[in-house]
Structure formats: C-alpha cells, structure tokens
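Colleague: Please see the structure below; I have some questions.
The values are calculated or read from the model by the stated rules, or taken from the named source; none is laboratory data. No experiment lies behind these values; they were computed from the predicted model shown. Here the Cβ positions follow ideal geometry from the backbone for every residue, glycine too, while neighbour counts run over all protein chains shown.
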Amino acid sequence: MSEPRTHRLLEYPAQKGGLIELNDGRLMGIIRGMLKFYSRDRGLTWSEPEPVLDSGRQIIAEADPVGVLRLQSGAIGVTSYRPLRADELPDRGGASQHRLRQQPQRGLFFRKSHDEGETWTREVLVSPPGIVSWYALNDTLIQLNRGRLLWPCYGGSTAAEPHPAPLVEGRERGIGHLWSPENVWATRFFYSDDEGETWLANEGDLMLWINEGYGNLDSMHEPTAAETNDGRILCLARCAQMRAVQTFSDDSGERWTLPELSALNSANAPIRVKRIPSTGDLMVVWNQVTAKEHREAYGRCRLSAAISTDNGRGWTNFRNIHVSPGMDESARVSDPEPPGFVRPGSATKPSDPIPDNPIGGRLRASYANFWILGEEVFIEHDYWYRVDPWDAHPVPAQWTHLTKDRNRRTSTGYALSSLPRRLHILPLKWFYDATS
C-alpha cells in the first residue's frame with residue numbers, strides 16, 4: 001500500500017465526537033460525554049479531555065450523537081443526546097402520557113457558542129418524544145449552502161428484539177451483529193432554517209426496500225449526508241446487504257428518492273461522506289469488504305476512501321487507509337457475489353486455529369470520521385486487535401494495549417471509550433493522485 005511520506009499516524013482521544021478549527025488556529029474536539037480537548041500543533045499532540053461547561057456546570061450528555069460544526073454565522077454548533085425529564089414530555093392526554101412514561105425517553109439536542117466554545121446558549125430539543133427513539137451517529141450535522149441545518153438521524157423500537165435473547169454457539173447473540181433479530185432502524189432528517197432555534201422533520205421515514213419491496217426490507221441506519229455541486233444532497237447509510245445504501249434529495253432534505261443499494265462494497269458498518277471544500281467533490285471513508293471476508297470476520301479490517309467527481313453518481317480514486325495483515329491490499333476490492341445478507345463471522349468457529357497471518361489475528365478499524373482542514377485530511381477511527389471473533393484464544397501480550405478496556409480514563413478522572421482510537425493526517429493531494 002503506497003503511502004505519502006507526510007502520512008502521520010497518531011493516538012487520538014478514545015471516544016467518538018467531532019473536530020473544528022478555532023479562530024486562533026487551535027483545533028478543538030468535543031467527544032462523547034461532552035468532553036473537549038485541544039491541539040496547538042495541527043493534531044500532533046492533544047490536551048487531556050476536560051468537561052464542556054455551561055455556567056460552571058458540565059453539560060449532561062450521553063452516548064454517540066455528540067458532534068461539533070462551524071456555522072456560517074461564525075458560531076459553533078454542538079449536538080448531544082440525553083434522557084428527558086418528566087417535565088419535558090408533551091402533554092398529550094392521560095393515555096398517551098402514560099404510554100410515553102412506560103419507556104425511557106431520550107432526546108437529541110442542539111446548542112451554540114458565540115465565543116469559540118467558552119460559553120453556550122440554551123439547549124434546543126430537536127427530536128420529539130414518542131414510541132420511536134431517535135438517535136444519530138456522531139458528528140453528522142451539516143449546513144447547506146442556503147444556510148439550512150440538516151441532521152440525518154435514525155430510530156427504532158425495541159419491539160423487534162427477541163426476549164430472552166437467543167444463544168448461538170453457547171453465547172448470547174453469537175458474534176457480530178444480526179445473529180439474532182435486532183431493531184428495525186429507519187432514517188429521518190431533522191432540519192432548521194433559523195440556525196437551530198426551531199426544528200422540523202422530513203416527510204416520511206426511510207428504509208431499504210430490497211427490490212422495491214419484493215425482496216423484503218432492511219434497516220437504513222447511521223446515515224451521513226453531504227451537499228453536491230449540483231445542489232442535491234447525497235445520503236449514505238449502512239445496512240446488512242454488503243453494500244452502502246444511498247438516497248438523494250433535490251429540495252434540501254425534505255423529500256428523498258427511494259433508498260437503493262450503491263456500488264460501494266461495504267460491511268454492515270458506518271460509512272462517512274463529506275464534501276471537499278476546495279473542489280466540491282465528495283469523499284467517502286468506509287469499511288470496504290467482500291462477502292467472503294465478512295464471513296471470515298474481517299468485515300471491519302479494511303478502511304478505505306474514495307472520491308466522486310460527478311456528485312455521487314460514481315466513485316473513483318480508491319485508497320486504503322488501513323488493511324489488516326493477511327488481507328488483500330488492493331485499493332479497490334471487487335466482490336464476485338451479488339448484494340445480499342451475510343452474517344459476519346459465520347464461516348468461523350471457536351475451535352478454529354488462530355489466523356495464519358503475520359499478526360496471528362485481526363486489526364480492526366471502524367467507526368471512522370474525517371475532516372478536511374485546508375490541504376490536509378484528518379481521519380480517525382477505532383483501532384483494536386482480536387485473535388478471533390469468539391474470543392476463544394488469548395490475546396498475545398504485544399497486542400493487549402489494543403484491546404477493549406472498560407477502565408480507561410483521562411488523567412483528570414473522566415471515563416473514555418472501551419476502544420482505542422487512531423488519527424491519520426494525510427495530504428488531500430494523495431487522495432486525488434490515486435488512479436483506481
């Protein structure tokens with residue numbers, strides 16, 4: 001795999017979130033748990049994460065929907081997620097109120113800072129309470145050229161979960177996703193035309209109707225979106241059909257085309273799409289994989305990038321950011337199998353020997369995010385080692401630092417993710433130099 005001499009691989013705070021450049025040249029990240037950190041040297045080193053405060057108190061937030069965005073007005077917007085208080089539930093009458101209180105209610109929130117993240121405005125509830133709980137992948141809020149804020153989100157109900165969860169090979173749910181039925185996720189877009197003061201939702205929720213419904217349906221979740229040069233919006237999302245799902249909007253996100261499978265071979269894992277500011281082209285970063293690799297539990301072991309110069313209609317300039325040793329290092333991976341459902345790890349068993357490759361295991365890189373800052377691309381992702389998906393073999397001592405650690409904390413005591421994360425800093429030109 002050809003890499004530029006200026007490729008820098010660095011450790012990154014162990015949590016998902018967002019990143020922006022401040023007016024004084026520093027980089028500021030805000031991550032899960034509503035913690036912030038800074039870099040004064042363009043990402044080479046980072047300060048210890050510290051709480052984001054509002055009037056001296058830490059802002060309450062949980063889980064992944066944290067993200068940060070520089071707005072056209074110059075303000076900084078931040079997204080978050082937290083449980084709703086009883087007084088925040090709408091008054092819909094006795095029966096409806098009782099039903100709302102029967103299940104935990106959480107909401108997506110938005111707030112702004114007009115002083116580079118030092119203080120924050122009041123939070124605004126974006127997603128209404130209801131039977132469907134709306135959620136979001138971290139750092140997915142975008143602002144369109146016309147000023148509209150658009151937040152691709154997804155939601156589901158626990159009604160599809162089996163109770164109790166079945167055992168597969170003696171383990172609950174087996175390995176990976178979809179060894180047993182899971183939530184059925186749909187995508188919804190929330191938007192604001194007054195810089196986050198009020199929010200509306202698009203018309204109708206989106207799912208993948210395979211073969212226009214004759215092939216059943218699949219979830220469409222963890223969506224991301226970017227505005228194209230021709231004024232449309234492209235949304236890409238994950239599903240279980242070995243391809244990324246795509247849909248387009250030509251009215252700023254209020255109505256969308258019927259979701260369909262794209263040409264991008266993909267694990268059942270998140271895909272990121274963003275607009276390149278200097279060219280208007282689109283870039284994706286995702287887990288490019290074949291069905292065979294997915295069955296062999298290598299589904300999140302290749303992290304790739306590609307560029308579209310025709311507003312998302314096709315993809316070229318394929319590059320690999322990470323490839324686990326022992327895998328095909330080709331920049332563009334072709335899958336001879338047609339799209340279809342594949343259980344991750346289904347070709348493996350606990351009794352299998354360790355993988356016959358230079359590391360005796362698998363190095364996984366997924367849940368990537370990236371930012372284009374000037375002429376550099378910052379790509380960060382989780383990065384961890386597994387011998388096998390069943391955890392049937394002990395992890396060699398030289399890899400234990402890249403395993404799940406549920407006790408990882410900052411020096412100031414704030415809990416971080418159970419997965420290590422890595423940051424790549426690469427020249428934007430390198431992605432355009434690819435010819436595949």
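Colleague: Could you please let me know if Asn268 is under 20 Å from the mean Cα position of the chain (by Cα), assigned to a loop (DSSP other than H, G, I, E, B), on the phi < 0 side of the Ramachandran plot and not basic (Lys, Arg)?
Modeller: yes
Colleague: Go through His393, His381 for me and flag whichever is in a strand (DSSP E or B) and either out of contact with any Ser or Thr (no Cβ under 7 Å at 6 or more places or on another chain) or modelled with pLDDT of 95 or more (or both).
Modeller: His381
Colleague: In addition: Taking region 283-337 as the region of interest, how many residues are modelled with pLDDT under 95 and among the polar types (S, T, N, Q)?
Modeller: Summing the residues that are modelled with pLDDT under 95 and among the polar types (S, T, N, Q) in region 283-337 gives 1.
Colleague: Which residues, counting only those in region 106-123, are farther than 17 Å from Asp193 by Cβ and either out of contact with any Lys or Arg (no Cβ under 7 Å at 6 or more places or on another chain) or part of a strand (DSSP E or B) (or both)?
Modeller: Hits for region 106-123 are Arg106, Gly107, Leu108, Phe109, Arg111, Ser113, His114, Asp115, Glu116, Glu118, Thr119.
Colleague: Then there's this: Is at least one residue of region 244-252 in a strand (DSSP E or B), among the aliphatic types (A, V, I, L, M) and under 19 Å from Thr140 (Cβ atoms)?
Modeller: Taking every residue of region 244-252 in turn, at least one turns out to be in a strand (DSSP E or B), among the aliphatic types (A, V, I, L, M) and under 19 Å from Thr140 (Cβ atoms).
Colleague: Which residue pairs have Cβ atoms closer than 6 Å, lie 6 or more positions apart in sequence or on different chains, and pair a first residue in region 301-312 that is among the polar types (S, T, N, Q) with a second residue that is in a strand (DSSP E or B)?
Modeller: Ser304/Asn320; Ser308/Leu282
Colleague: Moving on. Would you please name the residue that is surrounded by the most Cβ atoms within 10 Å (Cβ to Cβ), looking only at residues in region 124-142 that are modelled with pLDDT of 95 or more and in a loop (DSSP other than H, G, I, E, B)?
Modeller: Ala136
Colleague: Then there is this: Of all the residues that make up region 308-328, how many are closer than 16 Å to Asn265 by Cα and polar (S, T, N, Q)?
Modeller: The qualifying residues number 4.
Colleague: In addition: Report the residue count in region 69-106 for those that are at pLDDT 80 or above and either surrounded by 12 or more Cβ atoms within 10 Å (Cβ to Cβ) or of a type in the set (Phe, Trp, Tyr) (or both).
Modeller: Adding up the residues that qualify gives 16.
Colleague: Turning to a different aspect of this structure: In region 224-243, how many residues are within 19 Å of the chain's Cα centre (by Cα) and either part of a strand (DSSP E or B) or not hydrophobic (A, V, I, L, M, F, W, C) (or both)?
Modeller: Qualifying residue count for the region: 12.
Colleague: Let me ask something else. Could you please give the count of residues in region 359-373 that are outside any strand (DSSP E or B) and either modelled with pLDDT under 95 or of a type in the set (Val, Ile, Thr) (or both)?
Modeller: Start the filter on region 359-373 by keeping residues that are outside any strand (DSSP E or B), which leaves 359-361.
In the following step, the residues that additionally are either modelled with pLDDT under 95 or of a type in the set (Val, Ile, Thr) (or both) were identified as 359.
So the count comes out to 1.
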